[in-house]
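Colleague: Just dropping this structure here.
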Amino acid sequence: MEINYQETSKDLLMRIYIHETYGARNIDQWNIEVLNPQPGQKILDVGCGTGKQCFLYSDHTGRKAEIIGGDFSEELLEKARARQAERGDTNITFQFLDFNKPFAFADETFDIVSSAFAIYYAADLKFTFREAHRVTKPGGRLFVTGPLPENKKMFYDIIKEATGKPIPPMPGSSRFKGEIFETIQSIFAHTELLVFENPLTFPEVSPFMDYVRASLSEDRKLWTSMFNTREEYEQILRSIEAVATRWFERDGKLVMTKVVGGILATK
């Protein structure tokens, strides 16, 4: 059965909020340190969502880079355009982009092609990254971020204790270091793996459970070995909350470390 991994905007925005509220480090700052985009460059953000990366690049370049954000979700694109209208970034264009199909850009168009927590869901990695390579200028760079296998270990340990079942393979973390890195390495001239760690400290159980709900809901088709019906979903949440509460009472806090990989490739 083919699984549609597209996440819902509500769940995505909740996860972003939790990362920003409870995280100790700023992944946006890391992103800029790695790429250091410059005025006059052309930048494509694949799977741009609500435009966060695009606005980050725009601010860093003084709105003097030409930026395109592409996404499959019209709902998220509308949110991005609304934010753009508020900010007045005339240097950014948001448009529909399905990374499982040919990119609607000429060869060697962009200085930077980026994708934050999105492009690793591609159905055919070779096809998608060949398209990314095709639209990148010679000497240009691709930067793809996603979870590593050791990502949010506490989250999975609590779920395993609550259910007594193994965690199903995640399309990002289970593929990132191996299949995804190797695919990009086979296409681009130079490829390296960077690592970013961000501990999220929850001062109470309820925000952790907000994260659990958003994660299980957005990736619900990945968790069918544990739940299929709404009743089963609610039951697993109750079990997870009971275990999380025990952990919190034992440790006085819940600390979940996000371990993110950044694959930086040069054409």
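The values are calculated or read from the model by the stated rules, or taken from the named source; none is laboratory data. Just so it is clear, the structure is predicted and the values come from calculations on it, not from any experiment. Cβ placement follows ideal geometry from the backbone for every residue including glycine, while neighbour counts extend to all protein chains displayed.
Colleague: I'd like the full set of residues that are surrounded by fewer than 15 Cβ atoms within 10 Å (Cβ to Cβ) and assigned to a loop (DSSP other than H, G, I, E, B), limited to segment 160-192.
Modeller: Going through segment 160-192, the residues surrounded by fewer than 15 Cβ atoms within 10 Å (Cβ to Cβ) turn out to be 160, 164-166, 168-169, 178-179, 182, 186, 189-190, 192.
Result: G164, K165, P166, P168, P169, A189.
Colleague: Sticking with this one: Quick one: in segment 223-247, of everything that is of a type in the set (S, T, Y) and not in a helix (DSSP H, G or I), which residue is surrounded by the fewest Cβ atoms within 10 Å (Cβ to Cβ)?
Modeller: Restricting attention to segment 223-247, the residues satisfying the condition of being of a type in the set (S, T, Y) are 224-225, 229, 233, 239, 245.
Next, only the ones that are not in a helix (DSSP H, G or I) stay: 224-225, 229.
On the way: T224: 12, S225: 11, T229: 8.
Among those that are of a type in the set (S, T, Y) and not in a helix (DSSP H, G or I), it is T229.
Colleague: (1) crowded, with 19+ Cβ neighbours inside 10 Å; (2) in a helix (DSSP H, G or I); (3) not hydrophobic (A, V, I, L, M, F, W, C): which one isn't true of G70, the others all being true?
Modeller: Going through (1) crowded, with 19+ Cβ neighbours inside 10 Å; (2) in a helix (DSSP H, G or I); (3) not hydrophobic (A, V, I, L, M, F, W, C) one by one, G70 breaks only (2).
Colleague: Return the pairs, sorted by first residue and then second, in which the second residue is of a type in the set (S, T, N, Q), the first residue lies in segment 125-147 and is part of a helix (DSSP H, G or I), the beta carbons are less than 6 Å apart, and the residues are 6+ apart or on different chains.
Modeller: As it stands, the answer is L125/T183; K126/T183; F129/T183; V135/T109, since those pairs meet every condition given.
Colleague: Quick check on segment 30-51: of everything there that is modelled with pLDDT of 95 or more and under 17 Å from Q95 (Cα atoms), which residue is surrounded by the fewest Cβ atoms within 10 Å (Cβ to Cβ)?
Modeller: Result: K42.
Colleague: Just to be sure I understand the filter: pairs with C-beta atoms under 6 Å, separated by 6 or more residues or on different chains, first member in segment 19-36 and within 18 Å of G140 (Cβ to Cβ), second member part of a helix (DSSP H, G or I). Which pairs pass?
Modeller: I32/H60
Colleague: In addition: Out of all the residues in segment 64-96, which are of a type in the set (K, R) and either out of contact with any helix residue (DSSP H, G or I) (no Cβ under 9 Å at 6 or more places or on another chain) or touching a residue at least 40 places away in the same chain (Cβ under 8 Å) (or both)? Spell out the reasoning first.
Modeller: Looking only at segment 64-96, we keep the residues that are of a type in the set (K, R), and these are 64, 79, 81, 83, 87.
K79, R81 - these are the residues of segment 64-96 that are of a type in the set (K, R) and either out of contact with any helix residue (DSSP H, G or I) (no Cβ under 9 Å at 6 or more places or on another chain) or touching a residue at least 40 places away in the same chain (Cβ under 8 Å) (or both).
Colleague: Could you please let me know if I158 is aliphatic (A, V, I, L, M) and out of contact with any Phe, Trp or Tyr (no Cβ under 6 Å at 6 or more places or on another chain)?
Modeller: On the way: aliphatic (A, V, I, L, M): yes; out of contact with any Phe, Trp or Tyr (no Cβ under 6 Å at 6 or more places or on another chain): yes.
For I158, the condition - aliphatic (A, V, I, L, M) and out of contact with any Phe, Trp or Tyr (no Cβ under 6 Å at 6 or more places or on another chain) - is met.
Colleague: Consider N198 carefully, then state whether it is within 30 Å of V34 (Cβ to Cβ), part of a strand (DSSP E or B) and not aliphatic (A, V, I, L, M). Even if it seems obvious, please write down each step before you answer.
Modeller: Values: within 30 Å of V34 (Cβ to Cβ): yes; part of a strand (DSSP E or B): yes; not aliphatic (A, V, I, L, M): yes.
Yes; evaluated as a whole, the condition is true for this residue.
Colleague: Which one of D157, D210 is closer than 27 Å to I240 by Cα, touching a residue at least 12 places away in the same chain (Cβ under 8 Å), among the acidic types (D, E) and in a helix (DSSP H, G or I)? Before the answer, list the steps.
Modeller: On the way: D157 fails: touching a residue at least 12 places away in the same chain (Cβ under 8 Å).
Selected residue: D210, the only one of D157, D210 that is closer than 27 Å to I240 by Cα, touching a residue at least 12 places away in the same chain (Cβ under 8 Å), among the acidic types (D, E) and in a helix (DSSP H, G or I).
Colleague: I want to confirm something. Restricting to segment 73-102 and keeping residues that are modelled with pLDDT under 95 and surrounded by 19 or more Cβ atoms within 10 Å (Cβ to Cβ), which single residue is farthest from P37 (Cα to Cα)?
Modeller: Filtering first and then ranking leaves S73.
Colleague: Under the condition of being among the basic types (K, R) and within 24 Å of the chain's Cα centre (by Cα), which residue from segment 200-245 is modelled with the highest pLDDT?
Modeller: Initial filter on segment 200-245 (among the basic types (K, R)): 213, 220-221, 230, 238.
Of the ones still in play, those that are also within 24 Å of the chain's Cα centre (by Cα) are 213, 220-221.
Numbers: R213: 91, R220: 72, K221: 75.
Top of the filtered list is R213.
Colleague: When you check D107 against the structure, is it at pLDDT 95 or above and either in contact with a helix residue (DSSP H, G or I) (Cβ under 7 Å, 6 or more places away or on another chain) or crowded, with 24+ Cβ neighbours inside 10 Å (or both), yes or no?
Modeller: On the way: at pLDDT 95 or above: yes; either in contact with a helix residue (DSSP H, G or I) (Cβ under 7 Å, 6 or more places away or on another chain) or crowded, with 24+ Cβ neighbours inside 10 Å (or both): yes.
The answer is yes for D107.
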